[in-house]
Amino acid sequence: MTDPSTGALSCWRARYWDRPLDRATCAAMAAKYAALAALEALPGGPAQAAAIRAAAERWPGSLRESQLAGPARCQLRKEQAAAGAAAEEQPRARWREAGAAPVALWADLHPLLGDLLAWRRATAGKDGPAGLLAFVKGTPAADRWPADLALLVRVGGPQARVRMAYAWLAAQASLGLSALNLELFGREGPWDARTGDPPPVP
């Protein structure tokens, strides 16, 4: 018997790379990379600590990106995002063809991570993946997540942890987790496979 979640995932995958990356999102991504560069230049102390907290709150996961991808890659991504903010909107597939997939992927990952963090703050992680979907239901965030609980658990596992956001983005983009991480961070590492990761979804 065919798993009904397979058809739902196929619909997400069919749309993912065709969706345009809008100018406002590109501008926000350019601002992110500018903020990351600025906070790295700050001397250690309260001002830098405040800037780090602000970046982590506004763009969840950005500090990890900055650390693992490094300044040179982040500078390139800033230039790509700024160019996108000033140009005609292009589907994510064009960004990928131009070697700028990380800008689009991070633009989608930050809100997913933000949803998880907001849900945890509000409910202390109550009811796992089902609780997360109930939390976002009826909000703009619902458009970022599957309505089908079985699909989310199949892709991200039974625990609603940060890893679930990465797994859900990877599944939408038809990437394995290691391939997604290579795009996001520009290098391989121990983060590619972890205990508790569900098997890849074909």
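Sorted from largest down, what three extents in whole angstroms do the Cα atoms of the chain have along their principal axes?
57, 38, 35
Would you mind classifying the range 114-154 by shape? Square roots of the alpha carbon gyration tensor eigenvalues, ordered a ≥ b ≥ c; an a/c under 1.5 is rounded, otherwise it is prolate if a/b is larger than b/c and oblate if not.
Working: a/c = 1.99, a/b = 1.22, b/c = 1.63.
Oblate.
So how much slack lies between Ala118 and Ala179, counting 0.36 nm per residue of separation and subtracting their Cα-Cα distance, in nm? Spell out each step's value before the answer.
Numbers: separation 61, 0.36 × 61 = 21.96 nm, distance 2.71 nm.
Length gained, Ala118 through Ala179: 19.3 nm.
On the first, second and third principal axes, largest extent first, how far apart are the outermost C-alpha atoms of the range 93-142 in Å?
Taking max minus min along each principal axis of the Cα atoms, the range 93-142 gives 41, 18, 14 Å.
Please list, or write none, the lysines whose alpha carbon is within less than 30 Å of the alpha carbon of Lys78, excluding same-chain residues fewer than 8 places away.
Lys32
Hey, with R₀ at 41 Å, roughly what FRET efficiency would Leu42 and Ser10 work out to, going by the Cβ-Cβ distance, to 0.05? Don't skip to the answer; put the middle values down first.
On the way: r = 46 Å, r/R0 = 1.12.
Once rounded, the FRET efficiency stands at 0.35.
Under 5 Å between amide H atoms, partner at least 5 residues away or on a different chain: which partners does Leu21 have, H built in plane at 1.01 Å?
Gln90, Arg92
I'd like the carbon and sulfur percentage of the solvent accessible area for the chain, probe radius 1.4 Å, heavy atoms only, ligands and nucleic acids excluded.
On the chain, the fraction of accessible area on carbon and sulfur atoms equals 59 percent.
Test of understanding: in a Gaussian network model of the chain with alpha carbons linked when under 10 Å, which of Gly138, Gly156, Gly45 would top the mean-square fluctuation ranking?
Gly45
Return one whole number: the accessible area per residue of the chain in Å², for a 1.4 Å probe. Working shown, then result.
Numbers: 10030 Å² over 202 residues.
For the chain, the solvent-accessible area averages 50 Å² per residue.
Could you please report the charge total around Pro111, scoring K, R as +1 and D, E as -1 over all other residues with beta-carbon less than 14 angstrom from its beta-carbon?
Values: positive: Arg19, Lys32, Arg58, Arg144; negative: Asp22, Glu57, Asp108, Asp115, Asp143.
So the surrounding residues net to -1.
The values are calculated or read from the model by the stated rules, or taken from the named source; none is laboratory data. Predicted model, so just to flag it, every value in this text is computed and none were measured. Neighbour counts are summed over all protein chains in view; Cβ atoms, including those assigned to glycine, are modelled from backbone coordinates with ideal geometry. Side chains are part of the model used for accessible areas, which takes the heavy atoms of the whole protein and leaves out ligands, DNA and RNA. Shrake-Rupley method; radii C 1.70, N 1.55, O 1.52, S 1.80 Å.
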